[in-house]
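Some notes on the structure that comes next.
Bear in mind that the values in this text are calculations on the coordinates, not laboratory data. Everything numeric here is computed off the predicted structure, so don't read it as measured data. Because the Cβ atoms are built from the backbone with ideal geometry, glycine has one as well, and the counts that use them run over all protein chains shown.
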Amino acid sequence: MNQTNLKTIKSKLKIPNRFVVFLINDDYTSMDFVVDILRRFFQKEFQAAEAIMLKIHIDGEAACGTYSYDVAQTKVKQVIEYSREHDQPLMAALREV
């Protein structure tokens with residue numbers, strides 16, 4: 001491959017969009033359950049999970065992580081499914097960065 005072909009290939013490559021997963025506060029889901037979600041699905045240490053949980057409680061929502069679209073979408077689905085399996089109304093959403 002010559003230099004021109006390499007430049008053409010590199011110019012066509014673009015960095016994939018990133019998406020932030022948020023958890024949204026409600027009046028029913030327990031704080032302990034939210035901490036469990038943050039540890040289970042977002043691999044947060046206990047203290048970080050507690051800090052995020054408090055931010056959700058105070059601000060109404062908080063970011064849990066930034067991922068590619070497919071990973072973010074999967075995490076939202078996992079959180080919602082797990083929450084419903086445990087009779088919790090916790091909601092998750094994703095937003096493009």
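Electrostatic bookkeeping for residue 32 treats Lys and Arg as +1 and Asp and Glu as -1; over the other residues with beta carbon under 13 Å from its beta carbon, the sum is 0. For residue 69, neighbours were defined as the other residues whose beta-carbon sits under 10 Å from its Cβ, and their charges (Lys and Arg +1, Asp and Glu -1) total -1.
In a fully extended conformation the segment linking residue 71 and residue 86 would gain 3.1 nm over its present Cα-Cα distance, using 0.36 nm per residue.
Cα-based count: Lys pairs in the chain below 28 Å, eight or more positions apart or different chains? Final tally of qualifying lysine pairs is 7. A crude spin-label estimate for the pair residue 59 and residue 12, with each label 7 Å from Cα along the Cβ direction, gives 4.1 nm. Full extension of the chain between residue 48 and residue 20 gives 8.4 nm of extra length, using 0.36 nm per residue less the Cα-Cα distance. Relative intensity of the chain on a log10 scale, I(q)/I(0) at q = 0.15 Å⁻¹, equals -0.58, per a Debye sum over C-alpha point scatterers of equal strength in the absence of solvent.
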